[in-house]
Amino acid sequence: MRRVSRLWVAAVLASGSAFASSAFPGTIKTKTGASVAPPCVVCHTTDIGGIGTVDKEFGLALMDAGLSAGNTTKLEQLIGDFRTQNVDTDGDGTIDFDELNLGRNPSLGGPSDCFPGSSACAADNEVPPINYGCSAGAGGSALAGLVLAGSALVSALRRRRS
């Protein structure tokens, strides 16, 4: 019975610590004025997050500066400090505060650093428009080929049934 109680207490404490840090993405979004909250992988190994999983440059820099799980007040202070000090943890030439504001990951440099849903990165992820008719070029002939192949298949199946 004692063992079950200890396990239950450990589970509650662990989930409370992990739950308390779930406010961090919203805090970062609000403090930086970003259009989207950053995913947990800005700091953690996976989007599940959790204690002991911080392994990204930005998260490690926050921890080195004194951030602990659930301390949103300290996180707000550090985001302001990082802005004032022009901290650029990934060394890509854009400070972390600006990257977060733009919906980019301050732990990654380059075009793959966009957060899902970030409007600043929409141009990087645009799908080329589909062209129909004479302006379609090779795409039109591919479609015509599919239609022709489908017609031939239907015709062959009808002959087989008769």
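Coordinate-derived values only; no laboratory data. Since we're looking at a predicted model, the values are computed, not measured. Neighbour counts are summed over all protein chains in view; Cβ atoms, including those assigned to glycine, are modelled from backbone coordinates with ideal geometry.
See the values below:
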item	result
Lone qualifier among 76, 57 - being touching a residue at least 24 places away in the same chain (Cβ under 8 Å), among the acidic types (Asp, Glu) and surrounded by fewer than 16 Cβ atoms within 10 Å (Cβ to Cβ)	76
Members of segment 79-110 that are within 21 Å of the chain's Cα centre (by Cα) and either exposed (fewer than 14 other Cβ atoms within 10 Å of the Cβ) or hydroxyl-bearing (Ser, Thr, Tyr) (or both)	89, 91, 93, 94, 107, 110
Output for segment 79-104, where each listed residue is in contact (Cβ under 8 Å) with a residue 60 or more places away in the chain and outside any loop (DSSP other than H, G, I, E, B)	97, 100, 101, 102
Scan of segment 62-86 for residues that are over 14 Å from residue 42 (Cβ atoms) and β-branched (Val, Ile, Thr), ordered by number	72, 73, 84
